[in-house]
Amino acid sequence: MQETIRSQRAWMIARELLTEQQERVVALPIDQNQFISGPSGSGKTVVLLHRANHLLRNFKVSPRQLRVLVFTNVLRTYIQAGADALNLPFETIQSFYSWVFQLADREGLPKSQADRLEDKCRETLESVTRYFEEEYMPPVLEAVLVDEGQDLPLAAYRLLRKASRHVTVFADSIQKLYVEGSMMIEAGRTLDIGDRAVRLIGNLRSSIAVARLAVEFLPPAERDDYFHLQEWTSVPTRTRIPLLVRASSEDEEWERVGEIVKQEISANYRVGILLPDNRAVNQAYTALASGGVPVERVTARAPSEADFNGLTPKILTVFSAKGLSFDTVLIPRITRQHYAHAPTTAAQMLFVACTRALDWVCLNTVQGSELRELGQLEGLVLAGRLIEQGASPKNINVQNDDLLEQDAPF
């Protein structure tokens with residue numbers, strides 16, 4: 001019982017606890033499309049679910065005529081865990097491309113036979129979109145709410161415009177991880193939103209120490225924008241300082257990661273271990289499980305098996321972690337080898353990974369193989385806002401007061 005209460009409270013909150021601005025977004029009219037942008041921590045996913053519930057209850061939209069569309073199957077499972085608190089029907093929450101393939105089946109359209117899943121999704125989307133545009137198909141849904149909209153291609157917005165009478169999009173261009181993702185200005189024009197986009201101010205979901213670390217991976221021009229879109233008044237300034245561990249070997253790296261995970265579990269923290277790709281996820285699972293560390297591997301192929309209302313640490317890719325949050329985030333394998341073939345920049349991935357943490361981040365790498373982006377953190381180390389640990393110390397107690405700081409937001 002205690003585990004479920006803690007994990008649900010971490011991100012899904014009751015409507016009466018929403019800010020005034022969040023409540024206004026929930027109650028926006030549906031006679032026109034809506035576009036909601038906001039930084040990490042602004043509560044986009046929470047507001048989206050409350051808005052979905054609002055449309056069902058107040059606008060009498062039928063569950064069969066409403067869809068919450070997300071980019072990944074993992075995020076769908078995560079959102080369903082939170083939607084349960086609002087009694088939202090599970091069938092209203094769907095991954096975007098499963099919905100596209102469902103439309104193709106419904107209309108009897110041929111689906112792409114491409115070998116690569118990415119090509120199959122793209123080609124089928126284009127086919128379904130052209131069909132709705134050229135055949136002047138009527139809308140099949142009353143309302144669609146989209147999460148992580150920055151990662152959907154422009155064809156997705158062309159289809160949404162035709163297939164639903166109302167569309168609300170939640171997005172953050174800073175967190176865009178996929179090359180095919182749309183420019184938000186173009187997406188807004190496609191949906192006839194114009195300059196009516198709503199900018200949601202963040203409530204700084206992450207601790208101040210985590211936010212300071214995350215922005216170091218953003219271009220300088222975007223750092224100020226991130227902070228200026230945050231509300232700081234309700235955030236405790238006493239937070240654990242992030243940790244950077246440089247192990248002497250890969251075996252030692254996993255040993256150190258395992259020690260820290262066990263300490264976090266003992267303190268009842270929800271832990272996410274984020275890796276650059278599925279190969280690294282499998283390596284992490286094998287290494288930690290063989291070391292007696294209880295972990296749960298979360299994959300796109302079997303996301304429904306993940307229990308996001310439990311405290312068992314989750315291992316998954318940075319891409320699958322989009323939209324999720326954990327009390328503690330560990331980011332192992334920050335090496336040149338493991339980020340060499342990433343589909344986006346390593347800095348962008350590390351920013352997204354860090355912002356999944358509510359309370360604390362631990363970065364992990366191997367001496368001599370460090371990703372060059374870690375060099376950007378030297379200023380934080382010198383300022384005492386990032387603890388750097390070499391290969392020799394072990395069994396560090398990350399709960400100790402030497403990992404706490406009392407400081408102002410900036």
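Overview of results
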| quantity | calculated |
| --- | --- |
| Subset of the stretch 244-282 [among the aliphatic types (A, V, I, L, M) and part of a helix (DSSP H, G or I)] | Val257, Ile260, Val261, Ile265, Ala280, Val281 |
| Criterion: closer than 28 Å to Thr344 by Cβ, open to solvent by 10 Å² or more (accessible area, probe 1.4 Å) and either among the acidic types (Asp, Glu) or over 21 Å from the mean Cα position of the chain (by Cα) (or both) - qualifying residue of Gln263, Gln283 | Gln283 |
| Filter result for the condition that a residue is within 20 Å of the chain's Cα centre (by Cα) and over 29 Å from Glu135 (Cβ atoms), over Thr92, Thr72 | Thr72 |
| Cβ pairs under 6 Å, 6+ apart, first in the stretch 359-374 and acidic (Asp, Glu), second assigned to a strand (DSSP E or B) | Asp359/Asp327 |
| Condition check for Ala300: of a type in the set (A, V, I, L, M, F, W, C) and open to solvent by 10 Å² or more (accessible area, probe 1.4 Å) | yes |
| Residues located in the stretch 88-130, provided they are buried (at least 18 other Cβ atoms within 10 Å of the Cβ), within 26 Å of Leu56 (Cβ to Cβ) and either touching a residue at least 40 places away in the same chain (Cβ under 8 Å) or hydroxyl-bearing (Ser, Thr, Tyr) (or both) | Thr92, Ser95, Phe96, Tyr97, Val100, Leu103 |
| Qualifying residues in the stretch 131-156 (those that are in contact with a Phe, Trp or Tyr (Cβ under 8 Å, 6 or more places away or on another chain) and part of a helix (DSSP H, G or I)) - the one farthest from Phe59 (Cα to Cα) | Asp151 |
| Hits in the stretch 45-87 - residues which are touching a residue at least 40 places away in the same chain (Cβ under 8 Å), in contact with a Pro (Cβ under 6 Å, 6 or more places away or on another chain) and open to solvent by 10 Å² or more (accessible area, probe 1.4 Å) | Asn73, Thr77 |
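So that you can scan it fast, the table gives a plain yes or no per residue for (1) touching a residue at least 40 places away in the same chain (Cβ under 8 Å); (2) over 26 Å from Ile174 (Cβ atoms); (3) among the small types (Gly, Ala, Ser):
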position: Val281; (1), (2), (3): no, no, no
position: Glu296; (1), (2), (3): no, yes, no
position: Pro313; (1), (2), (3): yes, yes, no
position: Asp327; (1), (2), (3): yes, no, no
position: Thr344; (1), (2), (3): yes, no, no
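Per-residue answers, yes or no, for (1) within 18 Å of the chain's Cα centre (by Cα); (2) open to solvent by 10 Å² or more (accessible area, probe 1.4 Å):
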position	(1), (2)
Val140	no, yes
Gly149	yes, no
Ala163	no, no
Asp172	yes, yes
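The values are calculated or read from the model by the stated rules, or taken from the named source; none is laboratory data. Everything numeric here is computed off the predicted structure, so don't read it as measured data. Cβ sites come from the backbone with ideal geometry, for glycine too, and all protein chains shown count toward neighbours. Surface areas here come from the heavy atoms of the whole protein model, side chains and all, with no ligands, DNA or RNA. Shrake-Rupley method; radii C 1.70, N 1.55, O 1.52, S 1.80 Å.
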